[in-house]
Amino acid sequence: MAKTKFSKETYLMWYEQMLLMRKFEERAGQLYIQQKIRGFCHLYIGQEAIAAGAMSTIKADDNIITAYRDHVHPFIKGVEPKYVMAELYGKFTGVSKGKGGSMHMFSQPHRVFGGHGIVGGQIPLGAGIAFAEKYKGTNNVTLCYMGDGAVRQGALHEAFNMAMLWKLPVVFIIENNNYAMGTSVERTSNVVELYTLGESYDMPAAPVDAMSVEAVHDAMEIAVAHCRDGKGPYLLEMKTYRYRGHSMSDPAKYRTKEEVEEYKSQDPIQRVLTTLLEKKYATEAQIETINDKVNLIVDESVTFSEESPFPDASELYKDVYAQEDYPFIRE
Amino acid sequence: MRTIQFREALREALSEEMRRDPNVFLMGEEVAEYNGAYKVSHGMLDEFGDKRVIDTPIAELGFAGIGVGAAMNGLRPVIEFMTFNFSLVAIDQVINSAAKMLSMSGGQYKIPMVFRGPTASAGQLGAQHSQAFENWYANTPGLKVIVPSNPYDAKGLLKAAIRDDDPVIFMESEQMYGDKGEVPDGEYLLPIGVADVKRKGTHVTIVSFGKIMKACFAAADELAKEGIEAEIVDLRTVRPIDYATVIESVKKTNRLVVVEEAWPLASISTEITYMVQKNAFDYLDAPIRRITTADVPLAYAPTLVEEFMPNAAKIIKVVKEVMYK
Ligand SMILES: Cc1ncc(C[n+]2csc(CCOP(=O)(O)OP(=O)(O)O)c2C)c(N)n1
Ligand SMILES: [Mg+2]
């Protein structure tokens with residue numbers, strides 16, 4: 001086995017965090033079937049290395065914004081899973097008071113700028129968050145996530161151009177799981193190497209094997225340092241895969257079993273587990289302890305959500321305007 | 001008569017028109033290989049091929065504009081928005097191009113096209129996926145706006161929309177696609193801009209359109225048990241609006257309640273109310289009332305969805321108020 005520059009602690013952190021994301025999402029899927037979670041529900045299963053590899057490269061004041069596949073991104077910034085689960089339940093204790101739901105996870109104290117439902121809508125927002133950091137003279141970096149489908153939106157091109165023109169400290173991160181609902185990347189453009197989309201704007205960019213958390217970490221480290229040094233934006237194309245359908249209601253008939261199995265055989269969590277055991281960074285017993293801990297966190301997130309109240313009807317007219325006595329039309 | 005689903009009625013309309021006119025084509029996200037996000041276009045790729053049933057990237061502004069350009073140059077595009085929430089990304093091409101073209105070209109460039117897809121809420125989908133823009137589009141001269149409430153109307157009106165030489169906004173609902181209704185075997189068209197009295201009654205007129213008509217029917221059934229006979233007028237088209245049918249009904253019942261799944265300010269109900277008070281003031285025995293959604297973005301939690309939406313109970317309460325019961 002090749003030598004690695006990462007510490008035992010880093011591997012243990014990655015393992016625990018990715019397992020937590022996986023177990024959390026598996027439970028969310030079950031709860032959706034039980035109709036505890038409603039609406040649309042997009043799971044991150046298979047893509048965990050992208051989030052975990054970011055955790056080891058950013059600091060507390062950095063910002064995150066993403067699309068609607070957003071249950072685990074708040075974890076990157078330290079949001080406790082139970083508050084995300086409660087949001088999925090639509091409970092008042094959720095990160096967005098039960099008002100956002102699956103697609104709209106926000107946590108201002110953690111600098112989580114939301115899950116956004118309109119494909120590509122978050123791309124200019126991410127540039128804007130970075131604009132504010134530059135304006136204020138900080139060296140905070142903004143991570144702006146998007147899917148492979150989102151890169152076909154015009155908003156991306158306008159935002160990329162201005163982000164480069166004004167050297168905004170934003171890492172644009174494409175989570176390329178090869179499908180936008182049922183449409184494969186090849187069916188959306190002649191340009192299928194998505195990192196090359198930065199070229200027209202001279203934006204530095206790189207493709208990343210995002211089934212490897214080490215590779216994600218390495219790429220993120222370079223991109224984040226570039227931004228932090230005031231050199232402007234950076235584009236990363238994370239080549240990943242979602243094991244499940246687009247949302248809970250997608251049977252995913254547009255791809256073969258073999259294709260799914262091929263990616264599962266490179267499972268990022270399994271790979272870290274193998275490293276942990278082969279390098280004797282952890283014993284089977286220690287792994288069991290982590291597994292139990294993760295299961296407990298997920299169980300507790302469900303209990304917390306079950307026991308939490310829905311927002312009261314009186315919440316209807318709250319949080320719509322900053323102005324507290326805004327005169328709504330009420331009949 | 002046979003009964004078919006709303007989505008099947010739409011599919012029949014699309015397919016019949018595509019068989020009839022080779023210049024009609026369908027374009028949008030997931031319409032072809034995936035057979036439609038909501039299965040409206042199921043099987044159409046097989047029949048018409050990928051020249052005429054066309055999958056797009058997620059690029060609404062681009063493909064809406066490509067549709068308008070194609071219409072300027074002799075084709076009759078049907079552009080599907082996966083939902084009308086996403087039409088906001090494309091609205092510049094709808095309002096600034098499609099709706100203006102004939103006028104600013106001095107009558108030279110017609111835009112015979114349809115923009116269609118589901119509108120309004122569909123359960124707990126959160127603020128960005130639950131919006132009703134019927135009144136936004138209806139506000140724009142140059143567009144026609146159709147919002148059918150059952151499979152029969154949907155088929156006849158979609159066929160009319162495709163044959164119409166003006167740009168038509170055609171709004172459906174995720175919560176209607178599975179609804180079944182009677183649809184005759186043969187071909188038929190329904191006129192754009194003509195309302196339909198869906199239920200006869202003498203005590204009160206309820207005006208509505210689209211999916212929320214279901215709540216009106218439920219309310220009318222309950223009211224009938226208490227001896228209140230509501231007449232239900234389905235606008236079917238919100239631009240142009242068939243004011244005459246509404247006013248005629250109000251002259252008979254002397255009471256009007258408008259039900260609309262939309263925010264209240266500058267809504268279709270506002271418009272109906274103005275025209276009725278102007279043209280039938282002396283016939284009214286009670287103030288015109290309306291039931292809209294709450295004046296807020298729709299939140300995810302079920303408790304807030306319940307508060308937000310018009311429903312049968314709310315309609316019954318307001319009808320009784322205008323009846324002074
Ligand atoms: C502007 C817009 N158009 C269409 C949709 C419907 N939609 C939701 S997700 C999606 C696919 C997006 O795929 P991708 O960007 O690859 O992200 P992934 O789901 O794979 O994470 C589509 C078409 C939307 N939400 N917004
Ligand atoms: Mg994708």
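The values are calculated or read from the model by the stated rules, or taken from the named source; none is laboratory data. These figures come from a predicted structure and were not determined experimentally. Here Cβ is always computed from backbone atoms with ideal geometry, including for glycine, and neighbour counts include all displayed protein chains.
For the stretch A:174-199, filtering for residues that are in contact (Cβ under 8 Å) with a residue 24 or more places away in the chain and outside any strand (DSSP E or B) leaves 12. Here residue A:164 qualifies as more than 16 Å from ligand 1 (Cβ to nearest atom) and in contact with a Phe, Trp or Tyr (Cβ under 7 Å, 6 or more places away or on another chain). Would you pick out the residues in the stretch A:71-95 that are crowded, with 24+ Cβ neighbours inside 10 Å, within 12 Å of another protein chain (Cβ to nearest Cβ) and part of a loop (DSSP other than H, G, I, E, B)? Those that are crowded, with 24+ Cβ neighbours inside 10 Å, within 12 Å of another protein chain (Cβ to nearest Cβ) and part of a loop (DSSP other than H, G, I, E, B): A:90, A:94, A:95.
When the stretch A:134-153 is filtered for residues that are assigned to a loop (DSSP other than H, G, I, E, B) and either touching a residue at least 40 places away in the same chain (Cβ under 8 Å) or away from ligand 2 (no atom under 16 Å from the Cβ) (or both), the ones remaining, listed by number, are A:137, A:138, A:139, A:140, A:141, A:148. Scanning the stretch B:92-132 for residues that are within 30 Å of residue A:98 (Cβ to Cβ) and within 14 Å of ligand 1 (Cβ to nearest atom) yields B:117, B:118, B:122, B:125, B:126, B:127, B:128, B:129, B:130, B:131.
Let's see how each residue does on (1) facing chain A (nearest Cβ under 8 Å); (2) surrounded by 17 or more Cβ atoms within 10 Å (Cβ to Cβ):
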position: B:275; (1), (2): no, no
position: B:278; (1), (2): no, no
position: B:282; (1), (2): no, no
position: B:288; (1), (2): no, yes
position: B:308; (1), (2): yes, yes
position: B:316; (1), (2): no, yes
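With respect to the stated conditions, residue B:78 is in the same structural domain as residue B:23 (by TED's automatic domain parsing), crowded, with 19+ Cβ neighbours inside 10 Å and more than 20 Å from residue A:188 (Cβ to Cβ). Among the residues of the stretch A:97-119, those identified as within 11 Å of chain B (Cβ to nearest Cβ), without any contact (Cβ under 8 Å) to a residue 40 or more places away in the chain and surrounded by fewer than 24 Cβ atoms within 10 Å (Cβ to Cβ) are A:104, A:118.
Residue pairs whose Cβ atoms lie under 6 Å apart, sitting 6 or more positions apart in sequence or on different chains, and linking a residue in the stretch B:160-183 that is of a type in the set (Phe, Trp, Tyr) to a partner that is in a loop (DSSP other than H, G, I, E, B), are B:177/B:38.
Could you list, in sequence order, the residues of the stretch A:157-188 that are surrounded by fewer than 19 Cβ atoms within 10 Å (Cβ to Cβ), within 14 Å of chain B (Cβ to nearest Cβ) and more than 13 Å from ligand 2 (Cβ to nearest atom)? Of everything in the stretch A:157-188, those that are surrounded by fewer than 19 Cβ atoms within 10 Å (Cβ to Cβ), within 14 Å of chain B (Cβ to nearest Cβ) and more than 13 Å from ligand 2 (Cβ to nearest atom) turn out to be A:157, A:158.
Could you please let me know if residue B:304 is among the aliphatic types (A, V, I, L, M), at the interface with chain A (Cβ under 10 Å from one of its Cβ atoms) and not in a helix (DSSP H, G or I)? Spelling it out, it is not the case that residue B:304 is among the aliphatic types (A, V, I, L, M), at the interface with chain A (Cβ under 10 Å from one of its Cβ atoms) and not in a helix (DSSP H, G or I). All conditions in (1) part of a helix (DSSP H, G or I); (2) touching a residue at least 60 places away in the same chain (Cβ under 8 Å); (3) touching a His at 6+ places or on another chain (Cβ under 9 Å) hold for residue A:65, with the sole exception of (1). Cβ separations smaller than 7 Å between residues 6+ apart or across chains give the following pairs from the stretch B:50-66 residues that are within 11 Å of chain A (Cβ to nearest Cβ) and farther than 18 Å from residue B:35 by Cα to residues that are within 11 Å of ligand 1 (Cβ to nearest atom) and among the charged types (D, E, K, R): B:59/A:152. The set of residues in the stretch B:23-35 that are surrounded by 24 or more Cβ atoms within 10 Å (Cβ to Cβ) and more than 10 Å from chain A (Cβ to nearest Cβ) comprises B:26, B:28, B:31.
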